[in-house]
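Any read-out appearing in this document is the output of simple, stated calculations on the displayed coordinates, not a laboratory observation. Small disclaimer: the values here were computed from a predicted structure and weren't measured. For neighbour counting, all protein chains shown are included, and Cβ atoms are generated from backbone atoms with ideal geometry for every residue, glycine included.
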């Protein structure tokens, strides 16, 4: 079994989910008392949030790269970044290490293609929805068309993530907001919806909507385990 290096803490609530998923998947595959061989390096999310909203992505590149280097030095065989938005720093991370980096959008794209879906909606932070780092991977590598919510809907989604979900607050009223937005995206032709923030699956699941959901946290974790056991 290879050792998975996790860059976590963005938020720690979702990092807990990653850790649990990795260990459950290993036990499911190997049985017995098996657990996932892993390392986690966590950051202070408050500092990350401030830099994100100040647009200081070069500083964020440095923080993510340093974390990846620490994990490789500690013995990790692959790097998994336990958040969607910070994949904006992918180039800096890859340049800082000699081991593989498993991109969350690539893992998600493989899953979408396996379902025969060609047009999906993308939910996440405003950074994830509005910048091209996620959509470009899906379009260029998998031929998947990506649509995003309206300006007003994107603001609602973003505020719920940072104001509630990363604080561990799960509100029924916010779930209804997300359900309405997803329905609007379905009406615009979305065949599925990417839950493109590691906290969103804490709020929304398949049972809440009519179209398939792609829980990027679960998809990413499962692909990491498959790689580690290959």
Task: Principal-axis tilt of helix 12-30 within the chain, Cα atoms, nearest 10 degrees - done: 70 degrees
Task: Mean ellipticity per residue at 222 nm, deg cm²/dmol - from DSSP H runs of n ≥ 4 across the chain, formula -39500 (n - 2.57) - done: -16500 deg cm²/dmol
Task: For the chain: relative contact order, % (alpha-carbon pairs under 8 angstrom, 6 or more apart) - done: 24 percent
TODO: Report, in whole Å, the centroid distance computed from the Cα atoms of the range 17-49 and the range 145-186.
DONE: 26 Å
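Can you tell me the alpha carbon radius of gyration of the chain divided by the globular rule-of-thumb value 2.2 N^0.38 Å?
0.97
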Open item on the list: Place a point 7 Å from the Cα of residue 110 along the Cα-to-Cβ direction; which residues of the range 118-156 have their backbone N under 19 Å from it?
Closed with: 118, 134-144
TODO: Can you tell me the relative contact order of the range 105-214? Whole percent, Cα pairs under 8 Å, sequence separation 6 or more.
DONE: 34 percent
Task: Taking 125, 108 and counting other C-beta atoms within 10 Å, the order from fewest to most - done: 125, 108
Task: In Å, descending, principal axis extents of the Cα set of the range 105-214 - done: 35, 26, 23
Open item on the list: Using only Cα atoms and rounding to the nearest 10 degrees, what angle (0 to 90) does helix 57-74 make with the longest principal axis of the chain?
Closed with: 40 degrees
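Could you line up 204, 144, 4 from fewest to most neighbouring Cβ atoms inside 10 Å?
Least crowded to most crowded, the residues run 204, 144, 4.
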- [ ] Give the order of 215, 77, 44 when sorted by the count of other beta carbons within 10 angstrom, beginning with the fewest.
- [x] 44, 77, 215
